[in-house]
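In what follows, a single structure is set out as structure tokens and then discussed.
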Amino acid sequence: MTPAAALQAVIVSCVKSEPGGLTLDLRKLTFLDSTGLHLILFAQRLCKDKGAEFALIPGPRQVQRVFELAAVVNRLPFREPTS
């Protein structure tokens, strides 16, 4: 199983088991490519289909830049961390 497939399985499991929704914390991420972006959009769609909330805690500048270049930064629900 590829790392992306393993992460996708974890996302599916989390969305199924967490009735409130899913928040992905990107603060410790140092790299994001199109595969990672695809998985984030997949998680958002999965939550939407389930009627669950989805949120992202912004990552470092180089990670946030990927969202800007892909023109999806305004379509994703970024929020500041609570702690």
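The values are calculated or read from the model by the stated rules, or taken from the named source; none is laboratory data. Everything numeric here is computed off the predicted structure, so don't read it as measured data. Reconstructed Cβ throughout: ideal geometry from the backbone, glycine too, with neighbour counts over all protein chains shown. The accessibility values were calculated without ligands, DNA or RNA, using every heavy atom of the protein model including side chains. Shrake-Rupley method; radii C 1.70, N 1.55, O 1.52, S 1.80 Å.
In the chain, which trypsin sites (Lys or Arg not before Pro) are in a loop and have at most 14 other Cβ atoms within 10 Å, using DSSP for the loop call?
Values: sites: LYS16, ARG27, LYS28, ARG45, LYS48, LYS50, ARG61, ARG65, ARG75, ARG79; in loops: ARG27, LYS28, ARG79.
Those that pass, being in a loop and sparsely packed, are ARG27, LYS28, ARG79.
Summing +1 for each Lys or Arg and -1 for each Asp or Glu, what net charge is found among the other residues whose Cβ lies under 14 Å from the Cβ of LEU26?
Net of charged neighbours comes to +1.
When only DSSP loop residues count, what chymotrypsin sites (Phe, Trp or Tyr not before Pro) in the range 9-81 have their Cβ near at most 12 other Cβ atoms within 10 Å?
In loop regions of the range 9-81 (DSSP not H, G, I, E or B), the sparsely surrounded chymotrypsin sites (Phe, Trp or Tyr not before Pro) are PHE31.
Need the full-extension length gain, SER13 to ALA71, defined as separation in residues times 0.36 nm minus the C-alpha distance. One decimal, nm.
Working: separation 58, 0.36 × 58 = 20.88 nm, distance 2.80 nm.
18.1 nm is the gain from fully extending SER13 to ALA71.
Let me know the shape class of the range 1-65, please: from the alpha-carbon gyration tensor, a ≥ b ≥ c as square roots of the eigenvalues, rounded when a/c is under 1.5, otherwise prolate if a/b is greater than b/c, or oblate.
oblate
Which helices count as membrane-span-like in the chain under these terms: full DSSP H, at least 18 Å along the axis by C-alpha, Kyte-Doolittle mean of 0.5 or more?
Result, helices passing both filters: 3-17.
Pairs of Cα atoms under 8 Å, at least six residues apart: use those to get the relative contact order of the chain, whole percent.
Relative contact order comes out at 32 percent.
With every protein chain kept in the model, how would you rank GLU53, GLU18 by accessible area, 1.4 Å probe, largest at the top?
Working: GLU53 135, GLU18 95 Å².
Largest accessible area first, the residues go GLU53, GLU18.
Using 15 Å as the cut-off for backbone N distance, which residues of the range 11-48 belong to the label zone defined by a point 7 Å from the Cα of ALA55 along Cα→Cβ?
Hits in the range 11-48 for ALA55 at 15 Å: 19-27.
To the nearest 20 debye, what charge dipole does the chain have about its Cα centre, counting +1 at the Cβ of each Lys and Arg and -1 at the Cβ of each Asp and Glu?
Result for the chain is approximately 60 debye, rounded to the nearest 20.
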